[in-house]
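Asker: Let me give you the structure first, and then I'll get to my questions.
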Amino acid sequence: MASTLEKFIHSLDLRALPRVLQIQSGIYCQGSVYEMFGNECSLSTGEVIKVIGFKINKLIASICENNEVSQFSAKVELPLNFPGLYKVVADKTPYVSIEEIARNVSIGPTRFGHPCFYSAKDIKLANFTIKHDEQITFNSVEEVNGTMAMNCVVVRNNQSHSFTLPLSQEGEFYECEDDQIYTLKEIAEWKIPKCRNRIVKLSNTLHVWDASSLLPENFDGCLVLMPVYEVQAVMKFRKDIVHILSDLDVEVKDVTDCYDTSSFLQPLSLEDIFERTSKEFPMVAEIMEGPSGSQKSYNFLSTGKEIVIYKKYQAARVLASEMRSDSSKRHFLIPMSYKGKFKRRPREFPTAYDLEIVKSEKERLHVVATKAFTSPHKELFSVSVGDQFLVQQCQTSEVLYEGRKKLIDVLACEQILSDSYKKVLLPMYMEGGFVEVIHDKKQYHLSEICKEFHLPFNVKVSVRDLSIEEDVLAAAPGLQFEEEITDSYLLISNASSPVESWEIPVYRLNMLVHLPSRDVQTVVPPVTRTTVEEVSKEEYYMLRRYENLNLHPPPRPPKKPT
């Protein structure tokens, strides 16, 4: 039975992809050619296409009042890279079965893909009972003893209890409140169920764009988001991907059951390639859809080009930012193979506690006070602007407080006088300001800095990497190495002239390839070209947020006694 493209998307189970559709009727006349997102495409009546995926292309936003669209609100289009961080408002409309949740809610391996629900009534299982209003985390869908079921977890008394619920389980299931914050792109990819809108509240705006020029008039922080989908499809005699918006007036019919899907090319993302076993490498791949125009450093990966993918692996990078006070600072991922050298730049420290964190056994930390501090205890030192100190170690000291003796954490230092040193104690809670005095004139390679010093660490390029045609790091006034991260990469080269190879990031490069049945001529990869990857502001915040999830933050500085 024929239906509009929009109705087909709303009824489609993502797990059923790919699907083969036949164009029945619509705005396309037979033989007409249309330009859609840069892809010239002829869709005549009777044309057959294979739908390989769909995603939200843009969002229609309206002012939200009492959890509904305001009748007086104008609708505006928001691109997915619109800046800001948002909180998701829990949907008050219940789902009537686990099947409905599995069909409409994004569930996957990342932390975004574990939605939480609660049941309006108790659910009795063989081993225990899930209480009503108890938070249930949905992790994945799989077949259990011949029945499709949802893998779930509940947490009781800090202990996780795993169980499965059959997709046929009925009831009233409501979304739990979500205290996380997301970008608009993350909400579009993971937090908007099919056939439903999503209410969000603005947490804070990244001042990248003039937000007021796009957001609806009278915006007070709460929006209703309505998605417009983009269908990704393959046509029978083309080697590129066709993109079609879901709101086009086209009628389609699902003919998957009576069509041979192998007659179409099979597009693969870099994530799909990375999931293949190591034994399958190296392989030849032809690019069906190259990276977007914003990813300029990968312009050589154009549609139609053949590449050799030699291997997949994890590699270390140092996340660095320009030391600038304005908002135009750039961010980079620097490989350990970078051959340039760096000289140290002074670091700044807001508290005495920060001095304790970065001190090392290799050298004594020498700092100058940039802010005065008056100690409330006569046993501890009062700091004046310009005072210089050599940091020693953390210890405890006895102070008199309200007539009683009390032990507090202090930082033992030596104050540098004109011709001598004076031992002093600084309270760890001291909110002052210090800047480092650098005596070290040595030039360091990147690996030496990561091995010998505590990050973050301030540097400037003293010798640029001559193997890079344009070393973007050399032009920076100063760099702060923020943290060392590990990321997933593929090693590739040009199939026709494999003179050098490149590392390409799996999760930051959006491109599709297919694998022609062709043997690899060069099994050993040529020399790898060192590439400093510049990341966007959005990618930078994502890298920092994800990486910091795995780090335990240092304890907060002790507070000033009250």
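The values are calculated or read from the model by the stated rules, or taken from the named source; none is laboratory data. The model shown is predicted, which means the values in this text are computed figures rather than measured ones. No Cβ is skipped: glycine too gets one built from the backbone with ideal geometry, and neighbour counts run over all protein chains shown. What goes into the accessible areas is simple: the full protein's heavy atoms, side chains included, and nothing from ligands, DNA or RNA. Shrake-Rupley method; radii C 1.70, N 1.55, O 1.52, S 1.80 Å.
Asker: Please report the relative contact order for the chain, taking Cα pairs under 8 Å with a sequence separation of at least 6, and give it as a percent rounded to a whole number.
Answerer: Relative contact order, the chain: 15 percent.
Asker: Solvent-accessible area of residue 354, probe 1.4 Å, all protein chains present, reported in Å² to the nearest ten, please.
Answerer: 40 Å²
Asker: Moving to a separate point now. Give the calculated FRET efficiency between residue 448 and residue 419 to the nearest 0.05, with a Förster radius of 35 Å applied to their Cβ-Cβ distance.
Answerer: Step by step, r from the Cβ atoms, then E = 0.50.
Asker: May I pose another question? Could you sort out which of 87/359; 58/329; 371/406; 55/75; 236/305; 75/194 sit more than 30 Å apart by Cα distance in this structure?
Answerer: 87/359
Asker: In Å², what does the accessible area per residue of region 80-206 work out to with a 1.4 Å probe?
Answerer: 51 Å²
Asker: Efficiency by 1/(1 + (r/R0)^6): what FRET value for residue 522 and residue 357, r their Cβ-Cβ distance, R0 = 60 Å, to the nearest 0.05?
Answerer: 0.80
Asker: Okay, next question. List the chymotrypsin sites (Phe, Trp or Tyr not before Pro) within region 291-367 that DSSP assigns to loop and that have no more than 12 neighbouring Cβ atoms inside 10 Å.
Answerer: Here the chymotrypsin sites (Phe, Trp or Tyr not before Pro) that fit, given the DSSP loop and packing criteria, are 300.
Asker: Only Cα pairs under 8 Å and at least 6 apart count here; give the relative contact order of region 348-436 as a rounded whole percent.
Answerer: Here the relative contact order equals 38 percent.
Asker: Another question about this same structure. At a temperature of 37 °C and a viscosity of 0.692 mPa s, determine how fast region 348-436 diffuses translationally according to Stokes-Einstein, using the Kirkwood radius over alpha-carbon pairs as Rh; express D in µm²/s, rounded to the nearest whole number.
Answerer: The Stokes-Einstein estimate is 249 µm²/s.
Asker: At 7 Å along the Cα-to-beta-carbon direction for both residue 439 and residue 466, put a label point, then send me their distance in nm to one decimal.
Answerer: Rounded to a tenth, the inter-label distance reads 3.4 nm.
Asker: List every residue whose amide H lies under 5 Å from the amide H of residue 507, counting only residues 5 or more places away in sequence or on a different chain, with H placed 1.01 Å from N in the peptide plane.
Answerer: 488
Asker: If you don't mind, another one. Straight-line reach from residue 253: which aspartates and glutamates fall under 18 Å, measuring Cα to Cα and dropping same-chain residues less than 8 apart?
Answerer: Counting by Cα, and skipping residues close in sequence, residue 253 has these aspartates and glutamates nearby: 6, 13, 47, 230.
Asker: While we're on this one: Mind giving me the nanometre distance, one decimal, between the label points for residue 314 and residue 388, set 7 Å out from Cα along Cα→Cβ?
Answerer: With each label placed 7 Å out from Cα toward Cβ, I get 4.5 nm.
Asker: So if I place +1 on the C-beta of Lys and Arg and -1 on the C-beta of Asp and Glu, and nothing else carries charge, what would the dipole magnitude of region 348-436 be about its Cα centre? I want it in debye, nearest 20.
Answerer: Dipole magnitude for region 348-436 comes out near 300 debye.
Asker: At R0 = 30 Å, how high is the FRET efficiency between residue 156 and residue 100 if r is their beta carbon distance? Nearest 0.05 is fine.
Answerer: 0.70
Asker: Could you name the lysines in cross-link range of residue 131, using Cα to Cα under 24 Å and dropping any fewer than eight places away on the same chain?
Answerer: Partners found: 92, 121.
Asker: Protein chains only, probe 1.4 Å: how do 124, 75 rank by accessible area, largest first?
Answerer: The residues order as 124, 75, largest area first.
Asker: Follow-up. On a full-extension model of 0.36 nm per residue, what is the gain between residue 544 and residue 507, subtracting their alpha-carbon distance, rounded to one decimal in nm?
Answerer: So the extension gain works out to 11.9 nm.
Asker: To the nearest 20 debye, what charge dipole does the chain have about its Cα centre, counting +1 at the Cβ of each Lys and Arg and -1 at the Cβ of each Asp and Glu?
Answerer: Using only the charged Cβ atoms, the result is roughly 1640 debye.
Asker: Taking +1 at the Cβ of each Lys and Arg and -1 at the Cβ of each Asp and Glu, which of 52, 268, 509 sits farthest along the dipole of the chain towards its positive end, judged by Cα position relative to the Cα centre?
Answerer: Most positive-ward Cα: 509.
Asker: Among 81, 233, 180, whose Cα sits farthest toward the positive end of the charge dipole of the chain (+1 at Cβ of Lys/Arg, -1 at Cβ of Asp/Glu, about the Cα centre)?
Answerer: 180
Asker: How would 133, 240 line up by accessible area, probe 1.4 Å, largest first?
Answerer: Heavy-atom accessible area, descending, gives 133, 240.
Asker: Okay, moving on. What 222 nm value per residue comes from the helices of the chain, counting each DSSP H run with n ≥ 4 as -39,500 (n - 2.57) and dividing by all residues, nearest 500 deg cm²/dmol?
Answerer: One gets -2500 deg cm²/dmol as the mean residue ellipticity at 222 nm.
Asker: Residue-wise, which Karplus ³J(HN,Hα) couplings in Hz belong to region 270-281, taking 6.51 cos²θ - 1.76 cosθ + 1.60, θ = phi - 60°, and x for glycine or proline?
Answerer: After applying 6.51 cos²θ - 1.76 cosθ + 1.60, I find 5, 5, 4, 4, 5, 6, 6, 6, 4, 5, 7, 9 Hz.
Asker: Determine one quarter of the surface area of the Cα convex hull of the chain, which equals its mean projected area, and express it in nm² to one decimal.
Answerer: 35.1 nm²
Asker: Still on this structure, please answer the following. Of 421, 157, 486, which is farthest on the positive side of the dipole of the chain, counting Cα position, with +1 on Lys and Arg Cβ, -1 on Asp and Glu Cβ, and the Cα centre as origin?
Answerer: Result: 421.
Asker: Label-point separation (nm) for residue 256 and residue 131, each offset 7 Å from Cα along Cα-to-Cβ?
Answerer: Between residue 256 and residue 131, the label points sit 4.1 nm apart.
Asker: Place a +1 charge on the Cβ of each Lys and Arg in region 80-206 and a -1 charge on the Cβ of each Asp and Glu, then give the dipole magnitude about the Cα centre in debye, rounded to the nearest 20.
Answerer: Using only the charged Cβ atoms, the result is roughly 300 debye.
Asker: Compare 258, 450, 394 by solvent-accessible area with a 1.4 Å probe and give them largest first, with all protein chains kept in place.
Answerer: Most to least solvent-accessible, the answer reads 258, 394, 450.
Asker: If you count only protein heavy atoms and use a 1.4 Å probe, how large is the accessible surface of residue 402, to the nearest 10 Å²?
Answerer: Surface open to solvent at residue 402 totals about 150 Å².
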